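The values are calculated or read from the model by the stated rules, or taken from the named source; none is laboratory data. Here the structure is a predicted model, which means the values were calculated and not measured. All Cβ positions, glycine included, derive from the backbone under ideal geometry; neighbour counts span all protein chains shown. When the accessible area is computed, the model is the full protein with side chains, heavy atoms only, and any ligands, DNA or RNA have been set aside. Shrake-Rupley method; radii C 1.70, N 1.55, O 1.52, S 1.80 Å.
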Amino acid sequence: MLFTIFNSLLAVLLTYSMGMLYYGFYRIGNARIHRRVGPPLWQNVIDNIKLFAKREAPGHGIMFHLGPVIMTAGTITSMLFVPFLKDSAWLQGFSSYGNLILLIYLMVVGPLGNALAVGVSGVPFGVMGVTRGLTRLIGLEVPFFLSVALLMSGSGTISISEIMMAQDSFSNWNMMAHPAAFIVSLFSFVGMMGASPFDVVGAPVEVYSGPQAEFGGKYLGFLAAQRVMFSMVKLILWVDLFLGGATNVFILMAKSFALFFFYFIVGAAFPRFKTEQAVDFMLKLPLIIGIGAVLVRFWSL
Amino acid sequence: MDNLNKKDKAQLKELKSPMAVVDWAVNWFRKQSIFMLAYGTGCGAIEIPPTVTARYDAERFGVRGAATPRQADVIVLSGYLAVKTLKRVIRTYEQMQEPKYVIALGSCPINGGMYWDSYNTIKQLDRYLPVDVTVAGCMPRPEAVLEGFMALKDKIQRGEAEGARDYRDNIEKYKNNQKEIFGDKMLPGYTCDWYFSDGGSF
């Protein structure tokens, strides 16, 4: 039991530090694209500590306090059901007790809790942001479900660990074995990570940063920390499902950074969709590829 | 860390008690991460975009834009303030979270500048809000704006950028000054209730 608790704490620490490192790279990379020098690599950590060191934070009752807590709890719970490594006792969390379906459910708990908190604050910009976020979620989830369904039926299991273990060589990686599922999932991946062209919800110039409009000080600190951790959870999940998993932390970092780099390039290259355009887009090309792949799959069964 | 320059290291060596070191460290984080709310009131608004974009790149000093007053550390008031604008500025300032700072750009917030005899602009901003740094000029160029941020950073590190505390402690004085120009069109009481010890007497 102690080992599991230690492992869970280690997972939180690892995702936080890796996430801050990646997002530090993200800011420097963006600055270089703009031909700027950019902030230091650890600027996100400094920002985060500064936010926790603010003396004040606005309050709007108990539900408002709970919003960032539910969001962070949702992230950490999701994290604990994602195995980080294969063939290892380390960094497994509670993944042996969970599966992919449970994880899909857990991943939307945080945003819904946060939506309640924003609603309580009564800030119209925040409520607009949440409405946009949940609308976008509809667009993102459908192709994601299709790709996950394809993967589960292709692997014959709903356990993430078993899906990961089955990918023992490069040709067996699910991105090679099930390319249609991988391509469809990448659309959702870019959207879930909040990159352009799907970043209308939280972009700083869009209705004043959307759902986070009313959160300042420690609340914003919590949300910033959970955002980088949640991004890492998604990166690690994609590594587990499609990139053959990782046998040690360095391979995990290499593979997850490759995915992060893809997200960074897409985000830097594309302009922003409006909310409806984002949903329309997701319900066209990715959905058609996804449904086509599902039909082919069930035809061949 | 590279960000710990010689001045920082010299200051750190002089500190005696552990609590002083903690305060120093907290201030260091505060000065290295400044979220700016650029309130474009006058001609100075045009100086902010080059300050934060490729040419002058304020982000290398940890200065970045904030989307809302709740998230901001510093409000940059860039130029003259009409009485009507000042109302919005005060409301925005009161929504910000402590510790919070004010940077005023140009001559207008200092002494009225070229609007010294205008009937509807204020002449001295620090009568109505606690100004931490003023950057003189008509208008100050981005280099001067960055110099203003450096001055603010020094002030934060020394623990002297406590304008917000001054505003809270002397709220009656500031509100009376504000009332002089707003008259019966004063801001609603709930914007500043929490500053008063008796829950709102203004």
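Quick notes
- Residue-level check: of (1) part of a helix (DSSP H, G or I); (2) within 14 Å of another protein chain (Cβ to nearest Cβ); (3) in contact with a His (Cβ under 9 Å, 6 or more places away or on another chain); (4) open to solvent by 30 Å² or more (accessible area, probe 1.4 Å), A:A117 misses just (4).
- Matching option when the condition is open to solvent by 40 Å² or more (accessible area, probe 1.4 Å) and touching a residue at least 24 places away in the same chain (Cβ under 8 Å), among B:R60, B:R55: B:R55
- Meets criteria (under 17 Å from the mean Cα position of the chain (by Cα), open to solvent by less than 20 Å² (accessible area, probe 1.4 Å) and closer than 24 Å to A:F145 by Cα) for A:T77: no
- Residue-level check: of (1) outside any strand (DSSP E or B); (2) within 25 Å of B:E98 (Cα to Cα), B:M36 misses just (1).
- Residue match in region B:53-63 (condition: hydroxyl-bearing (S, T, Y), in a helix (DSSP H, G or I) and in contact with a Pro (Cβ under 6 Å, 6 or more places away or on another chain)): no
- Within region A:29-44, the residues that satisfy the criterion of being assigned to a helix (DSSP H, G or I) and open to solvent by 40 Å² or more (accessible area, probe 1.4 Å) are A:R32, A:I33.
- Test for B:G163: is it within 30 Å of B:D8 (Cβ to Cβ) and buried (at least 19 other Cβ atoms within 10 Å of the Cβ): yes
- B:V89 meets all of the listed conditions (1) part of a helix (DSSP H, G or I); (2) within 14 Å of another protein chain (Cβ to nearest Cβ); (3) open to solvent by less than 30 Å² (accessible area, probe 1.4 Å) but one, namely (2).
- Residue within region B:25-46 that is within 13 Å of chain A (Cβ to nearest Cβ) and in contact with a Leu (Cβ under 7 Å, 6 or more places away or on another chain) present: no
- Among the residues making up region A:172-224, those that are more than 14 Å from chain B (Cβ to nearest Cβ), buried (at least 24 other Cβ atoms within 10 Å of the Cβ) and among the small types (G, A, S) are A:A181, A:S185, A:S188, A:G191.
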